[in-house]
Each structure stands twice: as structure tokens, then as C-alpha cells.
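Just below is one structure, and these are the notes that go with it.
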Amino acid sequence: MGPKVLSGAGPSRSPTKPASGGLRRRLLPAVAVAFMARGGARAKEAVSTQSLLDALANCGDATTAEGLILRLRSLWRDALGAAARQRLEDAELALSGRDTALGSRLLERLLSQWPDYIAAWQAMAALQWSTGDLTGSIMALRRVLALEPRQFDALYLLGVDLLGLGRLEEAERAFQAVLRVNPFDTLARAQMLRLIGKDGAARQDL
């Protein structure tokens, strides 16, 4: 079964170009205020993300869970601003047109400028999976999970990659982690049932 290729992080703002001379001195206080405001916005967003993840883990029905998932994916995708989001969309457009080389280059450039962009790392992991580079996909997913350990799409794709490499116990742990974040994830649950069946069959063969 293929991975959920949805990204779920957010673009970043392009750095302010340094001004020169007196204009630069006049801009510095404003730039400082802007960065303080941005830091506050990111802190608020982090609180919002964590509260949504907590709500998802404890919600009581699949409909509520789906709404929370959509909000979280939107937050991750938009987290770094319009410029990065547009770059991500450009890469996704290339990939949807099956221009893997261009899509890969665009993602690499995007990540060189915004290395903390969860959605871009998720897209890179999905691209690597689609080309059969499971080890490369896992490396990208590790970057996602270092930034957000409860990123459920990354955990699911990690399980798929590990399955593909025959690392069944690790895959099972990844799918269990998905279900701890989202108890209503039917794909992760189906993978778990497959793994339990394989484990049972293996034990009978011993």
C-alpha cells in the first residue's frame, strides 16, 4: 500500500534584504520588532499545533479526527509563510507532471533556504519513496520527526518504508505511533493487522 503523500507543514518568509547607510539604521528597530512579532506568532502556532495534536489523540470520533487532521496539515503547510508555500506548490506541480528531476531540484532549493520546513521534508520523503529510494525517504522523514515527533503522515510513511526494507518490528512501532496520535487512522490500523498476521504465521512456522 502506498504512502499518504500529503505534506502538512508550512512555508517560510524570505529574509529581509539588508538596507544601507542611514536607511539601514532606521530600519533596524522595525526589523527587530518584526522578528519579535514573528517569534511570538511561531510560539503561538506551536501551542496551537500541540493542542490540536492533543485533541486528535483524545478525540472520540472519526469525523472530529478528520477535521483536526486537515487543520494540522494546513498549519504545517503554511507555518513558514507564503513564499515557502509557493515554492512547495511549484515543486508539487512539477512532480504531479512527472518531472521528477525538476521537482527534486525545487525541493532541494526550498530546503536549503528553509531547512525547518516540515511540509517540504515530507514531500521530499514521498518523492524518494516513489523513486524506490527507501533509505533516502527514511532520512527525510527523520528530519520531519525531529521537528515534530507526532507528524502522523511522516510516521505512516516511515512504517511503509520500513516494511519495504523488511524491518517489520520497526514498521510495527511506527504504525503504533501513528495510532497513538490518531486512533482513527484506518490505513495504519490495516498495516498493523497485516503485521500481526505475518507475526502469527511466522510463529506457527517455528
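Brief remarks follow.
- Among the candidates Leu88, Leu93, Leu72, residue that is of a type in the set (A, V, I, L, M, F, W, C), without any contact (Cβ under 8 Å) to a residue 12 or more places away in the chain and assigned to a helix (DSSP H, G or I): Leu93
- Taking every residue in the range 139-160 that is more than 16 Å from Leu187 (Cα to Cα) and in a helix (DSSP H, G or I) and pairing it with any residue that is at pLDDT 95 or above and β-branched (Val, Ile, Thr), at least 6 positions away or on another chain, the pairs with Cβ-Cβ distances below 8 Å are Val144/Ile118; Leu147/Ile118.
- Restricting the range 92-112 to residues that are over 25 Å from Gly164 (Cβ atoms) and buried (at least 16 other Cβ atoms within 10 Å of the Cβ), the residue that is nearest to the chain's Cα centre (by Cα) is Leu110.
- Screening Asp78 against (1) without any contact (Cβ under 8 Å) to a residue 40 or more places away in the chain; (2) among the charged types (D, E, K, R); (3) in contact with a helix residue (DSSP H, G or I) (Cβ under 8 Å, 6 or more places away or on another chain) leaves a single unmet condition, (1).
- Some residue of the range 165-173 being more than 26 Å from Leu56 (Cα to Cα) and part of a helix (DSSP H, G or I): yes
- Any hit, the range 108-128, residues being more than 23 Å from Val178 (Cα to Cα), in contact with a Phe, Trp or Tyr (Cβ under 9 Å, 6 or more places away or on another chain), part of a helix (DSSP H, G or I) and modelled with pLDDT of 95 or more: yes
- Against the conditions (1) more than 30 Å from Ala55 (Cα to Cα); (2) at pLDDT below 95, Asp133 satisfies every one except (2).
- Some residue of the range 63-73 being in contact with a helix residue (DSSP H, G or I) (Cβ under 8 Å, 6 or more places away or on another chain), modelled with pLDDT of 90 or more, charged (D, E, K, R) and more than 27 Å from Asp133 (Cα to Cα): yes
The values are calculated or read from the model by the stated rules, or taken from the named source; none is laboratory data. Here the structure is a predicted model, which means the values were calculated and not measured. Using ideal geometry, Cβ is built from the backbone for each residue, glycine included, and neighbour counts are taken over all protein chains shown.
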